[in-house]
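Single-structure report; data block below.
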There are 2 protein chains.
Amino acid sequence: MKFCPSCGSGLNYHVPAGDDRHRFVCTACEEIHYVNPRVIVGCVPIHQGRVLLCKRAIEPRLGYWTLPAGFMENGETSLQGAARETWEEARARVTDMQLYRIFDVPHISQVHMFYRCQVQDGAYGVGPESSASGFYAETEIPWDEIAFPVIRETLQEYFADALSGQFPVRVSVIDRRLRSTA
Amino acid sequence: MKFCPSCGSGLNYHVPAGDDRHRFVCTACEEIHYVNPRVIVGCVPIHQGRVLLCKRAIEPRLGYWTLPAGFMENGETSLQGAARETWEEARARVTDMQLYRIFDVPHISQVHMFYRCQVQDGAYGVGPESSASGFYAETEIPWDEIAFPVIRETLQEYFADALSGQFPVRVSVIDRRLRSTA
């Protein structure tokens with residue numbers, strides 16, 4: 001961020017009066033431009049005990065497998081966003097959505113929210129950001145080709161929870177420096 | 001948003017190729033500038049069955065009562081942000097934090113996350129964005145002077161849950177047009 005989105009003038013990066021962290025501040029109109037974490041929303045889509053995975057057709061982690069997920073958009077709820085991403089990436093319509101898993105990923109300033117859900121009629125396809133998709137039982141999952149740590153952890157927990165039928169909402173931290181339960 | 005934060009040129013607002021919603025796109029460098037929901041993090045700070053509320057010294061809703069909460073910052077976890085806000089607004093240090101309540105507020109593109117917690121030694125004060133603070137039992141809360149719907153709903157649920165000792169994580173939608181459980 002180098003120029004003021006409001007007036008086009010140059011920006012300074014300093015601690016404004018009354019604040020305690022560096023912000024982008026316009027040298028002309030003095031507007032402060034805050035930069036905040038982004039929310040990733042996604043699903044753990046289930047049909048007959050199997051989970052719907054997508055093979056990524058885009059970077060990062062092209063060719064690796066993931067749960068359908070992406071950036072939450074303005075004007076939608078986290079639930080709507082998770083359902084939208086599942087349609088976009090796996091052409092699946094979801095029902096019975098229940099919040100399941102939250103991750104803080106502070107080194108990239110993201111919060112991830114995953115909903116458990118059922119897939120309507122077990123129907124799915126391959127969206128433009130995927131090269132393949134399909135339902136996987138625990139023993140069928142390509143564990144060595146999972147795209148991101150949050151995906152691996154969510155899948156491991158899901159199959160463990162499915163044994164007991166209890167699915168508590170969990171929140172924890174994924175950090176490149178450390179990893180601990182929040 | 002009128003000017004490109006990267007190069008200072010003018011922006012267009014249109015649907016980029018391969019996308020399905022309007023974005024701010026630079027007329028010169030063609031960078032797409034995404035605008036996403038923001039996360040509000042806060043606490044339900046408890047000591048001996050009472051909840052710590054702050055009277056707002058800033059707009060919006062100046063003079064009304066709220067739970068300590070504010071914008072999540074880059075580089076922190078939601079838990080760290082909620083603890084930070086509780087220190088900033090009520091000078092209280094919190095322990096035993098447990099995720100409790102999530103709200104989607106799509107008409108202002110926000111996600112709110114509240115943690116239940118205990119207040120260390122029951123100690124608190126008044127931060128610069130508050131004009132007063134204090135612990136309130138359910139019957140003492142100024143219910144007609146609560147700043148925001150999410151605060152009223154969280155407080156009502158907290159005291160109901162406290163009767164049973166069960167505090168499930170809930171997510172629902174607060175919308176100026178409708179209000180329903182997600």
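Read the figures in this text as sums done on the coordinates, not as results from a lab. In this text the structure is predicted, and so the values were computed from the model without any measurement. For neighbour counting, all protein chains shown are included, and Cβ atoms are generated from backbone atoms with ideal geometry for every residue, glycine included.
What base-10 log of the normalised intensity I(q)/I(0) is obtained for region B:1-106 from the Debye formula, alpha carbons as equal point scatterers, at q = 0.11, 0.12, 0.14, 0.25 Å⁻¹?
Calculated log10 I(q)/I(0) at the listed q: -0.55, -0.61, -0.72, -1.32.
With each pseudo-label sitting 7 Å past Cα toward Cβ, what's the A:V126-B:E88 distance in nm, one decimal?
Roughly 4.7 nm, to one decimal.
Relative to the first principal axis of the alpha-carbon coordinates of chain B, what is the inclination of helix B:149-164, with its axis defined by its Cα atoms, in degrees from 0 to 90 and to the nearest 10?
So the helix axis and the longest Cα principal axis differ by about 40 degrees.
Hey, rough spin-label estimate for B:I58 and B:S6, points 7 angstrom out along Cα→Cβ, what's it come to in nanometres?
Here the modelled spin labels are 3.1 nm apart.
PRE reach from B:T27 (point 7 Å along Cα→Cβ): which of region A:1-30 fall under 17 Å by backbone N?
Under 17 Å, as judged by backbone N against the label point of B:T27, lie A:4-9 of region A:1-30.
Ignoring trypsin sites (Lys or Arg not before Pro) that are buried or in helix or strand per DSSP, and keeping those with at most 13 other beta carbon atoms within 10 Å, what is the longest stretch of chain A between them?
After excluding every exposed loop site, the longest remaining stretch is A:22-175.
At 20 °C and 1.002 mPa s, what whole-number value in µm²/s does Stokes-Einstein give for the translational diffusion of the protein assembly as shown, with Rh from the Kirkwood sum over Cα pairs?
97
Using the 7 Å Cα-to-Cβ label point, sort the distances from A:G122 to its equivalents in the other copies shortest first and give them in nm to one decimal.
Label-point separations across copies, in nm and ascending: 6.0.
Kindly put B:S133, B:S6 in sequence by how many other C-beta atoms sit within 10 Å of each C-beta, fewest to most.
B:S6, B:S133
Can you list the HN-Hα couplings for region B:128-134, worked out from phi with the Karplus curve (6.51, -1.76, 1.60; θ = phi - 60°), rounded to whole Hz and with x for Gly and Pro?
x, 9, 10, 10, 6, 7, x
What is the Cα coordinate range of chain B on the first, second and third principal axes, sorted by size from largest, in whole angstrom?
60, 34, 29
Taking the DSSP beta bridges in the protein assembly as shown as the whole, what percent of them are antiparallel, to the nearest 5?
70
With θ set to phi - 60°, apply the Karplus curve 6.51 cos²θ - 1.76 cosθ + 1.60 along region A:32-37 and write out the HN-Hα couplings as whole Hz, x wherever there is a Gly or Pro.
So the J values, rounded to whole Hz, are 9, 10, 7, 10, 10, x.
So the label point sits 7 Å from Cα along the Cα-to-Cβ vector; using that for B:P168, what distances do you get to the other copies, in nanometres, sorted shortest first?
1.5
Please identify, among B:L155, B:L62, B:L163, the residue showing maximal mean-square fluctuation in a Gaussian network model of chain B using a 10 angstrom Cα cutoff.
The residue with the greatest mean-square fluctuation here is B:L163.
Could you name the residue in chain B with the C-beta closest to the rotation axis that superposes chain B on chain A, along with the separation in whole Å?
Its Cβ sits closest to the axis: B:V169, 2.
In whole Hz and in residue order, list the ³J(HN,Hα) couplings for region A:65-71 that follow from phi through the Karplus curve 6.51 cos²θ - 1.76 cosθ + 1.60, θ = phi - 60°; x for Gly and Pro.
Working through the residues one at a time gives 9, 8, 7, x, 6, x, 5 Hz.
For chain B, what relative contact order do you get, as a whole percent, if you take Cα pairs closer than 8 Å and at least 6 residues apart?
Relative CO of chain B lands at 21 percent.
Can you list, shortest first and in nm, the gaps between the label point of B:A17 and those of its counterparts in the other copies, using a point 7 Å from Cα in the C-beta direction?
So the label point of B:A17 gives 4.9 nm to the other copies.
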